[in-house]
1. When the chain is modelled as a GNM with alpha-carbon springs shorter than 10 Å, which of I107, I125, I137 fluctuates the most?
2. When the Karplus curve 6.51 cos²θ - 1.76 cosθ + 1.60 is applied with θ = phi - 60°, which whole-Hz ³J(HN,Hα) does each residue of the range 173-188 get, with x for Gly and Pro?
3. Shape call for the range 101-169 from the C-alpha gyration tensor, a ≥ b ≥ c root eigenvalues: rounded (a/c under 1.5), prolate (a/b greater than b/c) or oblate?
4. With the chain treated as a Gaussian network of Cα nodes joined by springs under 10 Å, which of G17, G64, G100 yields the largest mean-square fluctuation?
5. Along the charge dipole of the chain, Cβ charges K/R +1 and D/E -1, which of S150, L27, L6 sits furthest on the positive end?
6. What does the charge count near P54 come to, summing +1 for each Lys or Arg and -1 for each Asp or Glu among other residues with Cβ under 12 Å from its Cβ?
7. If eta is 1.567 mPa s and T is 4 °C, what Stokes-Einstein diffusion coefficient results for the range 3-219, Kirkwood Rh from Cα pairs, in µm²/s?
8. Local charge sum around A193 (other residues, Cβ-Cβ under 15 Å, Lys/Arg +1, Asp/Glu -1)?
Amino acid sequence: MTTAELIGDSLWPIVSGALTGTIPLALVSMALGLVLALLVALARLSPRAWLRAPARAYVSLIRGTPLLVQLFVVFYGLPSIGVLVDPWPSAIIAFSLNVGGYAAEVIRAAILSVPRGQWEAAHMIGMDRAQALRRIILPQAARVSVPPLSNTFISLVKDTSLASLILVTELFRRAEQIAAFSQQFMVVYIEAAAVYWVICLVLSAVQSRLETRLDRHVAH
């Protein structure tokens, strides 16, 4: 089989792995991670020490340990204490926890970037803390947090390749299978890298467009 034939035959299986594995895995993990990140960020900003302390410990643990170790703890570690988790849920749990730890600091910084006067104005018109957060602070913080959170998502798309180590069928897992069968490791892995690159280019374009729209909204 020639190199051109190998690329032609393997391109769709690799792209299919991205469409059915990599992208859904990244989307679900990002969504769950953002929910967790918001809760952790709010806990970090809470005046109550019993909320701040575990939130700070969680962020420190996630940011201080490799994602691969976190993935292995969930997939290989939990069964040792009697908790059996299949590969897909394991990957989602690990990636969501990882996103939560990093995105929490992004959201916390975005909330802190909102001028103090916005809080005071909200209180003056009768809003409590929860209402001020929901109606005034978080919408402004969301605009600030879009660029770093978009970068987090792009990084997550690439990090999903680690899920192949726990037998999740995604883009890189498909590439590994094809490379092992064809013994053309260089060609297949470069092809997989090219698909990741294209996905990240598309996501970067979407990010730029979103930032432009948000900037226009702020300008008005």
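Bear in mind these aren't lab numbers, they're just calculated from the coordinates by the rules spelled out. Worth saying up front: this structure is predicted, and the values here are computed from it rather than measured. Note: ideal-geometry Cβ built from the backbone for every residue, glycine included; neighbour counts use all protein chains shown.
1. The residue that fluctuates most here is I125.
2. For the range 173-188, the Karplus curve yields 5, 4, 4, 4, 5, 5, 5, 5, 6, 8, 6, 9, 5, 4, 4, 5 Hz.
3. Since a/c reaches 1.5 and a/b is larger than b/c, the shape of the range 101-169 is classed as prolate.
4. Most flexible of the set in this elastic network: G64.
5. Toward the positive end, the furthest listed residue is S150.
6. Summing Lys/Arg as +1 and Asp/Glu as -1 gives +4.
7. Value of D from the Cα-based Kirkwood radius: 67 µm²/s.
8. Local net charge: -1.
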